[in-house]
């Protein structure tokens, strides 16, 4: 499981914000009403595993430092899912069939996938 990150919230009463406050005084008020780290809370449980889709997305991002890597990674995933590579210059009327799943790339930096 991934560690949870505490969410820190600054609380300043709105009555204080309505007054004319100089920038120095503003910093002083925010510091005065800041919740200390011991009172911070987490929005996730440290015992709760992230969803598989989130972990898959993190893997995709880590494997894709450039658009070219992202295109290659996506193409591999489409192949695994049963999509077939087609080329823009091919005659699609001979290739594309009802119920088929296809993808194409352009310049190695973009990808389009579709199902019929």
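Some notes on this structure:
- Per-residue Cβ neighbour counts within 10 Å put 104, 55 in the sequence 55, 104, beginning with the fewest.
- Pairwise label distance in nanometres, residue 101 with residue 52, each label 7 Å out on the Cα-Cβ vector: 1.5 nm
- Fewest-first sequence of 79, 88 by Cβ atoms within 10 Å of each Cβ: 88, 79
- Sequence of 94, 77 once ranked by neighbouring C-beta atoms within 10 Å, starting from the fewest: 94, 77
- Taking a point 7 Å from the Cα of residue 109 along the Cα-to-Cβ direction, the residues of region 66-80 with backbone N closer than 19 Å to it are 66-75.
No value in this document is a laboratory result; all are computed from the given coordinates. Owing to the predicted nature of the structure, the values given are computational and were not obtained by experimental measurement. Please note: Cβ atoms are built from the backbone with ideal geometry, for glycine as well, and neighbour counts cover all protein chains shown.
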